[in-house]
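Read through the structure below, which is laid out as structure tokens, and then see the notes.
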């Protein structure tokens, strides 16, 4: 599933070409991932893209013009989540369609913004200003902007640190890949309780998260399955993975074979030597 680096890569590509462009036509295929098809069909034709931003794993495209919905005014956003296999690509209108393309937005420069999604686990919806504010309130801290103090407070809970990193209400945008990579870099076992981390460990994890995400963005994300950027090109960070997907392979630090366990319902890859497991509490006699 595309995570923060992949979504940021797509956003940066779209930001370079979309602002100022007007949607001159809209064509839809399958629409089961669109929240309100009628609202989308009314809002997009004639609308101009004002800005492109990332909100966690969501792509936000601010719209101006077009037809307002129930008097919502001119301040609207198109929110897009890529799900597991979504692709958001700008190409020439005459380019052949890729299989599983479901949305075609004709632009005023003879190009199209196309949404492709094999499994259709993505999301697409139009929101007004009030809905947009509610949407933002549900998201946690931005990992690349949060202060260490806020980060330390957010993860200092009685829950496994891997689960906390995956919780979008705690930190927005981190998923399975970059949680595992960050924990490996910080030498923290995925089952450690967030509240048990010492100040130095929290500081190390804070630095690890930022370093991993920044490196992944620089290399345009990880292309493990279907991910491509807004121009249709794959990322390269999968070549730098040190933990994710490497079960049975040697650790890059100590050569111990990596293991896989399930944490928070997700496969978690770690080094049993570098990332020490939390000690189990001894049960009392009454237990």
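The values are calculated or read from the model by the stated rules, or taken from the named source; none is laboratory data. Keep in mind it's a predicted model, so treat the numbers as computed, not measured. Every residue, glycine among them, receives a Cβ derived from its backbone with ideal geometry; neighbour counts consider all protein chains shown.
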Could you grab me the full set of residues in the range 164-178 that are in contact with a strand residue (DSSP E or B) (Cβ under 9 Å, 6 or more places away or on another chain), touching a residue at least 60 places away in the same chain (Cβ under 8 Å) and outside any loop (DSSP other than H, G, I, E, B)? 166, 176
Among the candidates 125, 119, residue that is under 22 Å from residue 31 (Cβ atoms) and modelled with pLDDT under 95: 119
Unique residue being surrounded by fewer than 16 Cβ atoms within 10 Å (Cβ to Cβ) and either part of a helix (DSSP H, G or I) or modelled with pLDDT of 95 or more (or both) when the list is 262, 217: 262
Lone qualifier among 239, 253, 246, 210 - being at pLDDT 95 or above and not in a loop (DSSP other than H, G, I, E, B): 210
Does residue 60 meet the test of being under 28 Å from residue 208 (Cβ atoms) and assigned to a strand (DSSP E or B)? yes
Just checking, which of 182, 222, 233 is closer than 30 Å to residue 89 by Cα and over 16 Å from the mean Cα position of the chain (by Cα)? 233
Among the residues of the range 135-144, is any in a helix (DSSP H, G or I) and within 19 Å of residue 10 (Cβ to Cβ)? yes
Filter result for residue 24 (assigned by TED's automatic domain parsing to the domain that holds residue 116 and surrounded by fewer than 19 Cβ atoms within 10 Å (Cβ to Cβ)): yes
Answer yes or no: is there a residue in the range 112-122 that is within 30 Å of residue 154 (Cα to Cα), assigned by TED's automatic domain parsing to the domain that holds residue 36 and touching a residue at least 60 places away in the same chain (Cβ under 8 Å). yes
When residue 87 is evaluated against the numbered criteria (1) out of contact with any helix residue (DSSP H, G or I) (no Cβ under 6 Å at 6 or more places or on another chain); (2) modelled with pLDDT of 95 or more; (3) not in a helix (DSSP H, G or I), which criterion, by number, is the only one it fails? (2)
Of the residues in the range 24-58, those that are touching a helix residue (DSSP H, G or I) at 6+ places or on another chain (Cβ under 9 Å) and under 22 Å from residue 97 (Cα atoms) come to 26, 28, 31, 34
Do we have residue 148 as touching a residue at least 40 places away in the same chain (Cβ under 8 Å), surrounded by fewer than 20 Cβ atoms within 10 Å (Cβ to Cβ) and touching a helix residue (DSSP H, G or I) at 6+ places or on another chain (Cβ under 8 Å) here? yes
Does residue 223 satisfy being surrounded by 15 or more Cβ atoms within 10 Å (Cβ to Cβ), under 20 Å from residue 143 (Cα atoms) and in contact with a helix residue (DSSP H, G or I) (Cβ under 9 Å, 6 or more places away or on another chain)? no
Can you go through 41, 50, 35 and tell me which one is surrounded by fewer than 17 Cβ atoms within 10 Å (Cβ to Cβ), more than 30 Å from residue 167 (Cβ to Cβ) and modelled with pLDDT of 95 or more? 41
Sort through 2, 45 and tell me the only one that's in a loop (DSSP other than H, G, I, E, B) and under 22 Å from residue 108 (Cβ atoms). 45
